[in-house]
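Following: one structure in structure tokens, then a few remarks.
Here, each number is a calculation from the coordinates, and none is a lab measurement. Model, not experiment: these values are computed from the prediction. Here the Cβ positions follow ideal geometry from the backbone for every residue, glycine too, while neighbour counts run over all protein chains shown.
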Amino acid sequence: MRKYVYDFLIIGITFFIALILFLFMNNKSTINDSEYVLISIDGITYDNYSLGTNDEIIISNEYGNNTIVINNNSVYIMNADCPDNLCVHQGAINKLGQSIICLPHKLIVEIVSDYDEELIDAIAY
Amino acid sequence: MQLPIKKKTPYLGLLLSFSLILSYIESLIPFNFAIPGIKIGLSNFSVVLCLYIFSPIDAMLISLTKAVLSSLLFGNFSTLIYSTAGALLSCLLMILLKKIRLIHIISVSAIGGVTHNIAQLFVAYMIIRSNGVLYYLPYLIFSGLVFGSLLGFIVNLIIPYIKKVIYKGEL
């Protein structure tokens, strides 16, 4: 087992770096002015709201109904009539980059910033 | 004992096509939960195997050709850029780590997977210039470690059998 020391060391250091980055990123959740809630349906932007407002938005279209609540600097879906209700069970999001998706209703609620509309559109092999 | 090149080439060809098939199978598995671009690095199987059975240059050859071919077959131009960058850096690092004889195959493969992901992410960042891209870094590092180690473990099990087939002609 002693001959594997450097293996454990390298793997450990890499894992540690990943952990540090993860913690660092989770602590950067401060609300600043350029962040807002973007609601899109079927890929088309429906509306955007500031995260600071207390609002209840009811989306009602041919796909179904969702009630989106912005409260206390976070946003969550209060209820929806989709069969699985995964969007409701996900809970609240409050950080940049997080999103709640209601797949049956093609609804995406995400927190974006003006500097930051990332689209990963390529996967490498 | 190194094989002469005329005996080595068919095996390299087989390994290359095997990695392309693995790449295709990998693209069929809908592994995209939470993080777009996350993938099991199955196609690195041939690269690691080549590194430990043949020479580092052969491994680099397989890695680069695999990146180019699989991007042309299964992807588009942008995947070409990301893939070659990732494959180049990852293979280079694996060759270096293998030279330091203190690091063994499982970790070599793990670090190879990690650097592949990091290099891809970095190229994506250079092109898209968006800080949201870096958000995925810890997840990619972690998944690279996990799947890279798994792959290294599998290759480690297979190496003695492949060596027997190549040098003795039968199992």
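Other residues with beta-carbon under 13 Å from the beta-carbon of B:Glu170 carry, at +1 per Lys or Arg and -1 per Asp or Glu, a net charge of +3. Pop the C-beta distance of B:Thr9 and B:Leu102 into the FRET formula with R0 = 45 Å and round what comes out to the nearest 0.05. Given R0 = 45 Å and the Cβ-Cβ separation, E is 0.90.
For chain B, leaving out every one of the trypsin sites (Lys or Arg not before Pro) that falls in a DSSP loop and has at most 15 other Cβ atoms within 10 Å, the longest unbroken run is B:1-100. Mean sequence separation of contacting Cα pairs (under 8 Å, at least six apart), scaled by the length of segment B:28-167, corresponds to a relative contact order of 27 percent.
Straight-distance candidates among the lysines for linking to B:Lys164, with alpha-carbon spacing under 22 Å and chain neighbours fewer than 8 residues away dropped: B:Lys6, B:Lys7, B:Lys8, B:Lys98. Ranking B:Leu171, B:Ser109, B:Tyr24 by how far each Cα lies toward the positive end of the dipole of chain B (charges on Cβ) leaves B:Leu171 at the top. Charges were assigned to the Cβ only: +1 to each Lys and Arg, -1 to each Asp and Glu. The resulting dipole of the protein assembly as shown about its Cα centre is roughly 2620 debye.
Its Cα gyration tensor gives segment B:1-148 an equivalent ellipsoid; the semi-axes, largest first and in whole Å, are 26, 17, 13. Using only Cα atoms, find the angle between the long axis of helix B:5-28 and the longest principal axis of chain B, and express it within 0 to 90 degrees, rounded to the nearest 10. In chain B, helix B:5-28 runs at an angle near 30 degrees to the longest axis. For the pair B:Tyr125 and B:Lys168, label points projected 7 Å from Cα toward Cβ lie 4.9 nm apart.
Put the Cα centre of segment B:41-62 next to the Cα centre of segment B:84-125 and the gap is 12 Å.
Taking only alpha carbon atoms, the protein assembly as shown gives an Rg to Rh ratio of 1.07, where Rh is the Kirkwood radius.
Roughly how tilted is helix B:56-74, in degrees to the nearest 10 and between 0 and 90, from the longest Cα axis of chain B? Orientation of helix B:56-74: about 50 degrees from the principal axis. Ordering A:Pro104, A:Leu9, A:Tyr36 by the projection of their Cα atoms onto the charge dipole of the protein assembly as shown, which places +1 on the Cβ of Lys and Arg and -1 on the Cβ of Asp and Glu, puts A:Leu9 at the extreme positive end. Seen against the Cα atoms of chain B and their longest principal axis, helix B:137-168 is set at about 10 degrees. Just to confirm a number: summing +1 for Lys and Arg and -1 for Asp and Glu over residues other than B:Ala59 whose beta-carbon lies under 11 angstrom from that of B:Ala59, what do you get? Summing Lys and Arg as +1 and Asp and Glu as -1 gives +1.
Taking the Cβ of A:Gly64 as the center, what net charge do the other residues with Cβ under 14 Å away carry, scoring Lys and Arg +1 and Asp and Glu -1? Around A:Gly64, the surrounding residues sum to -3. Magnitude of the charge dipole for chain B, about its Cα centre and with charges confined to Cβ atoms of Lys, Arg (+1) and Asp, Glu (-1), is about 500 debye.
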